[in-house]
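The values are calculated or read from the model by the stated rules, or taken from the named source; none is laboratory data. Since this is a predicted model, take the numbers as computed values, not measurements. In this analysis, Cβ positions are derived from the backbone assuming ideal geometry, glycine residues included, and neighbour counts consider all displayed protein chains. SASA here: full protein model, heavy atoms, side chains in, ligands and nucleic acids out. Shrake-Rupley method; radii C 1.70, N 1.55, O 1.52, S 1.80 Å.
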Amino acid sequence: MSAPPQFPLRVFYDGTCAVCAEEIEHYLRRDQDHRLVPIDITAADFDPHPCGIPLSALMYELHVIDRQGTIYRGVDAFWAIWQAFPGSPLFWLLGQLVTLPLLRPLARLGYQGFARIRRYLPKRRSTCATGSCRIGRG
């Protein structure tokens, strides 16, 4: 990861996945500058064609697209999100750790493991008319 992402970031997440939605809500609560734009890929009106990424790929791992159109996937997507919080020592540290040559492959391997089991994780408990629940800023 060379240059920092250009904000805002479109964050493509699975709104039916309890873990995924909670993680995105966690970031949105801290995003006072509105650098993150959450996009629920399970919403009835979501169309993956404008972003140029197949829905199956979006469902497999977290994707972020910055203002310039740069696509970040998996661990790189988290790195891009963490760049939205320049004043956070925790996110700075996490961002530094995942770029280290020895830790980067481990982080990617760990995320790939999570991505493989994600579909078996609990779904969100709240019932929504569309089967998907949009998250908002709290």
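Quick test for you: out of 85, 91, 78, pick the one residue that is open to solvent by less than 80 Å² (accessible area, probe 1.4 Å) and either on the phi > 0 side of the Ramachandran plot or part of a loop (DSSP other than H, G, I, E, B) (or both).
On the way: 91 fails: either on the phi > 0 side of the Ramachandran plot or part of a loop (DSSP other than H, G, I, E, B) (or both); 78 fails: either on the phi > 0 side of the Ramachandran plot or part of a loop (DSSP other than H, G, I, E, B) (or both).
Matching residue, one of 85, 91, 78: 85.
Find the residue count for region 64-75, including only residues that are farther than 14 Å from residue 35 by Cα and either modelled with pLDDT under 95 or in a loop (DSSP other than H, G, I, E, B) (or both).
Going residue by residue through region 64-75, those that are farther than 14 Å from residue 35 by Cα are 69-75.
This time we only want the ones that are either modelled with pLDDT under 95 or in a loop (DSSP other than H, G, I, E, B) (or both), so: 69-70, 74.
So the count comes out to 3.
Provide a single number: the residues in region 14-40 that are within 26 Å of residue 3 (Cβ to Cβ), touching a strand residue (DSSP E or B) at 6+ places or on another chain (Cβ under 7 Å) and either open to solvent by less than 40 Å² (accessible area, probe 1.4 Å) or part of a helix (DSSP H, G or I) (or both).
Narrowing region 14-40 to residues within 26 Å of residue 3 (Cβ to Cβ): 23-24, 26-28, 30-39.
Going one step further and asking which of them are touching a strand residue (DSSP E or B) at 6+ places or on another chain (Cβ under 7 Å), we end up with 24, 27-28, 35-39.
Okay, now just the ones that are also either open to solvent by less than 40 Å² (accessible area, probe 1.4 Å) or part of a helix (DSSP H, G or I) (or both), so 24, 27-28, 36, 39.
Residues that pass the stated criteria total 5.
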